[in-house]
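Below you'll find the structure, written out as structure tokens, and then a few comments.
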């Protein structure tokens, strides 16, 4: 997995590979707490399933990225996937803000990191097009 990523052309501003693990560990804790709260309230009937939909889709797209990028080694599909991750974060923020604004505030770092990751992935995809 790492050998593949190391061989890709990357921009000079790309962070070292070791930084991704710690950042995602913190983000997954934030996601578990905040998204878990949204799903819990949905199961209790306090929030509609339509409000929860972007959170569910976000998890699917987020967890798919690693397989697409490192398993399939498909930069173009990974770029499309990370755009969907970013889109569903924004959609989730809009959907949940009237009900649980703390979820939005807690996930600002997630939004910022995925915005950066999207820019990085699009740049890597462009730099490695064949």
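The values are calculated or read from the model by the stated rules, or taken from the named source; none is laboratory data. None of these values were measured; they are calculated from a predicted model. A quick note on method: Cβ atoms are made from the backbone with ideal geometry, for glycine too, and the neighbour counts reach across all protein chains shown.
Computed quantities for the displayed model
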{"read-out": "Residues that are within 22 Å of residue 34 (Cβ to Cβ) and crowded, with 18+ Cβ neighbours inside 10 Å, drawn from segment 65-83", "value": "65, 81, 82"}
{"read-out": "Considering residues of segment 9-25 that are modelled with pLDDT of 95 or more and surrounded by 13 or more Cβ atoms within 10 Å (Cβ to Cβ) only, the residue nearest to the chain's Cα centre (by Cα)", "value": "24"}
{"read-out": "Segment 27-59, subset touching a helix residue (DSSP H, G or I) at 6+ places or on another chain (Cβ under 8 Å) and closer than 30 Å to residue 127 by Cα, residue surrounded by the most Cβ atoms within 10 Å (Cβ to Cβ)", "value": "58"}
{"read-out": "Segments classed as helices (runs of 4 or more DSSP H), wholly inside segment 31-116, with at least 1 members that are touching a strand residue (DSSP E or B) at 6+ places or on another chain (Cβ under 9 Å) and free of Cβ contacts under 8 Å to residues at least 60 places away in the same chain", "value": "none"}
